[in-house]
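Encoded as structure tokens, the structure appears first; notes follow it.
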Amino acid sequence: MKKIAIIEDQDAIRENYIDMLQGQGYLVKGYADRISAQDELLANLPDLAIIDIGLGDEIDGGFMLCQALRAKSQTLPIIFLTARDNEIDTVSGLRMGADDYLTKDISLAHLAARISAIFRRQLALNTPQQQAQLIERGELVIDPERMQVTWQGVTIDLTVTEYWLVHALAIRPGHVKQRNDLMNEAKIYVDDSTITSHIKRIRKKFLKVDDAFNHIDTVYGMGYRWEAK
């Protein structure tokens, strides 16, 4: 049984998440503050940590906890689940090594699906690779089973959200995806600027591998498309 830690300072919200995830068959423990969570989790790592950023009097307590957990383990899945949806916090959380950054307006069903996807990806990455149905678009290869993307043979280190955005764009090259389409396929509900920041980060990750990468086009006033050039 997978163990999930939820660090959330609002009692009602924390208990709501705990009830939902226990109903999904997970072993769940909640924490109301960074200090109690950090002491216990560093001694006994869970299989997944779901962390709010603001924890009581610590405005950035969740960031501090993420840093401590990531220093302890490079592979522990970490999700930020917070009301703070600005680009600075999103970028900061992902740079600290979080696997995903979600806002609290995500539905419980979509949160459960996101958690399940993270565990599936983790299992697939730790399992000897089988013959898979790969999606190939030129130098882009998508492995849906492992939720993994490679460019020019190099793995692109994407979060789950970023993976789904790349998949949504590349599945139909040349087809414009509006921001609402991308949100639906990535199972996130954010403002346009957050989608824009996700796309910017995805481009940067491809550019680290290939400084000539230019396959994600912005179609102004409409959305984005994967261009097979």
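Odds and ends about this structure:
- Contacts under 6 angstrom Cβ, first residue in region 3-23 being over 13 Å from Lys104 (Cβ atoms), partner basic (Lys, Arg), 6 or more apart: Ala5/Lys29
- Of the helices (runs of 4 or more DSSP H) lying entirely inside region 153-218, those carrying at least 2 residues that are at negative phi and surrounded by fewer than 16 Cβ atoms within 10 Å (Cβ to Cβ) are 179-186, 192-209.
- Residues satisfying the stated conditions in region 149-162, i.e. modelled with pLDDT under 90 and closer than 19 Å to Asp210 by Cβ: Asp157, Leu158, Glu162
Residue-wise test of (1) of a type in the set (A, V, I, L, M, F, W, C); (2) open to solvent by 60 Å² or more (accessible area, probe 1.4 Å).
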position: Tyr17; (1), (2): no, no
position: Met20; (1), (2): yes, no
position: Lys29; (1), (2): no, yes
position: Asn44; (1), (2): no, yes
position: Asp57; (1), (2): no, yes
position: Phe63; (1), (2): yes, no
position: Thr103; (1), (2): no, no
position: His110; (1), (2): no, no
position: Ala113; (1), (2): yes, no
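- Put simply, of Ile106, Ile142, Ile115 the only residue that is in contact with a strand residue (DSSP E or B) (Cβ under 9 Å, 6 or more places away or on another chain), in the same structural domain as Asn214 (by the TED database) and either touching a residue at least 40 places away in the same chain (Cβ under 8 Å) or not in a loop (DSSP other than H, G, I, E, B) (or both) is Ile142.
- Selection count where residues are out of contact with any Asp or Glu (no Cβ under 9 Å at 6 or more places or on another chain) and open to solvent by 50 Å² or more (accessible area, probe 1.4 Å), scope region 85-101: 4
- Checklist (1) assigned to a helix (DSSP H, G or I); (2) surrounded by 14 or more Cβ atoms within 10 Å (Cβ to Cβ); (3) under 21 Å from the mean Cα position of the chain (by Cα) applied to Gln38, failing item: (3)
- Subset of region 102-120 (residues that are over 22 Å from Asp9 (Cβ atoms) and touching an Asp or Glu at 6+ places or on another chain (Cβ under 8 Å)): Ile118, Phe119
- Selection of first residues in region 37-48 that are assigned by the TED database to the domain that holds Lys72 and of second residues that are of a type in the set (Phe, Trp, Tyr), restricted to Cβ pairs under 6 Å at least 6 apart or on distinct chains, gives the following pairs, ordered by first then second residue: Ala37/Tyr31.
The values are calculated or read from the model by the stated rules, or taken from the named source; none is laboratory data. Source: prediction; values computed, not measured. A quick note on method: Cβ atoms are made from the backbone with ideal geometry, for glycine too, and the neighbour counts reach across all protein chains shown. Please note that ligands, DNA and RNA were not included when accessible areas were found on the heavy atoms of the full protein model with its side chains. Shrake-Rupley method; radii C 1.70, N 1.55, O 1.52, S 1.80 Å.
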